[in-house]
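Novice: Shown below is the structure under consideration.
Read-outs throughout are calculated quantities, based only on the coordinates presented, and are distinct from any laboratory measurement. This is a predicted model, so every value here is computed, not measured. Using ideal geometry, Cβ is built from the backbone for each residue, glycine included, and neighbour counts are taken over all protein chains shown.
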Amino acid sequence: MAVPGYDFGKVPDAPISDADFELLKKTVMWGEEDEKYRKMACEALKGQVEDILDLWYGWVGSNQHLIYYFGDKSGRPIPQYLEAVRKRFGLWIIDTLCKPLDRQWLNYMYEIGLRHHRTKKGKTDGVDTVEHIPLRYMIAFIAPIGLTIKPFLEKSGHPPEAVERMWAAWVKLVVLQVAIWSYPYAKAGEW
């Protein structure tokens, strides 16, 4: 079933060169071992996506300063917007772990950054929402998205060492993506 607004493989090229993408991967210490454990994490989390989203959405919903960004300009949450984003958020988990880290992946991660920035915020779903998520929250969100995944990896039954390595791969990928998402927030020439 198609998910509205999910355009992986169909978005324009990100204005990030392949060389810069490789340097970003190098900067987060991405290596062959991470690729191996990323694939393991993909299998470990595929069946737990809804549980992960329940946890994350519960946390966001319990923090007024975060749920605000899923609302109209008066701050009231927009239920259909929350639901539309949730479906794509689930696919983001899978894409993060299961799709090749290639140009299509880079392009879509850049598109996600645009959708958080005033450039495209709310446009994908045609909602009149607050126009922008501040960069500070994009960066700070690394912690809850990175830290809360470990218990789900532990449920996979893999030995503790494998869980640690899957978790490390996940955190590196989250940091990598936030670096990509930050592109539209940077002034020309400063990214």
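Novice: Which is farthest toward the positive dipole end of the chain among Ser17, Gly31, Ala140, measuring Cα position about the Cα centre, with Cβ charges +1 (Lys, Arg) and -1 (Asp, Glu)?
Specialist: Sorting the options by dipole projection puts first Ala140.
Novice: Additional query: Please compare each pair in Lys39/Lys150; Lys36/Lys121; Lys36/Lys172; Lys10/Lys123; Lys26/Lys123; Lys25/Lys99 to a cut-off of 23 Å on the Cα-Cα distance and tell me which ones are over it.
Specialist: Table pairs above 23 Å Cα-Cα are Lys36/Lys121; Lys26/Lys123.
Novice: Just from its helices, what would the mean residue ellipticity at 222 nm be for the chain, if runs of 4 or more DSSP H residues each count -39500 (n - 2.57) and the sum is divided by every residue, rounded to the nearest 500 deg cm²/dmol?
Specialist: -18500 deg cm²/dmol
Novice: Still on this structure: Gain in length, Ser62 to Ala188, computed as 0.36 nm per residue apart minus the alpha-carbon separation, to one decimal in nm?
Specialist: Result for the pair: 41.8 nm of gain on full extension.
Novice: State the answer as a single residue: which of Cys98, Ala44, Leu82 lies farthest towards the positive end of the charge dipole of the range 29-185, with beta carbon charges of +1 for Lys and Arg and -1 for Asp and Glu, about the Cα centre.
Specialist: Of the listed residues, the answer is Leu82.
Novice: Restricting to DSSP loop positions (anything but H, G, I, E, B) with no more than 14 other Cβ atoms inside 10 Å of their own Cβ, which GluC sites (Glu not before Pro) remain in the range 89-169?
Specialist: Filter output for the range 89-169: Glu131.
Novice: A follow-up question, please. Using unit Cβ charges (K, R positive; D, E negative) and no other charged atoms, how large, in debye to the nearest 20, is the dipole of the chain about its Cα centre?
Specialist: 400
Novice: Under the 0.36 nm per residue contour assumption, what length would be gained going from the current alpha-carbon distance of Lys150 and Lys36 to full extension?
Specialist: Residue separation times 0.36 nm, minus the Cα-Cα distance, leaves 39.3 nm.
Novice: Running a GNM on the chain with Cα contacts under 10 Å, which residue among Gly146, Gly157, Gly75 ends up with the highest mean-square fluctuation?
Specialist: Gly157
Novice: With springs only between Cα atoms under 10 Å, which of Thr96, Thr124, Thr27 fluctuates most in a Gaussian network model of the chain?
Specialist: Evaluated over the chain, the most mobile residue of the options is Thr27.
Novice: Compare the Cα positions of Ile149, Thr129, Pro159 along the charge dipole of the range 29-185 (+1 at Cβ of Lys, Arg; -1 at Cβ of Asp, Glu; about the Cα centre) and return the one farthest towards the positive end.
Specialist: Checked the options; the winner is Thr129.
Novice: Oh, and also: Using Cα springs under 10 Å in a Gaussian network model of the chain, which residue among Met40, Met29, Met109 shows the largest mean-square fluctuation?
Specialist: Among Met40, Met29, Met109, the largest mean-square fluctuation in the Gaussian network model of the chain belongs to Met29.
Novice: Related question: Could you let me know the centre-to-centre spacing of the range 95-141 and the range 1-73, using Cα atoms, in angstrom?
Specialist: Centre-to-centre (Cα) distance: 9 Å.
Novice: Then there is this: Report, to two decimal places, the Cα Rg of the range 29-185 normalised by 2.2 N^0.38 Å (N = number of residues).
Specialist: Normalised Rg, Cα atoms only: 1.04.
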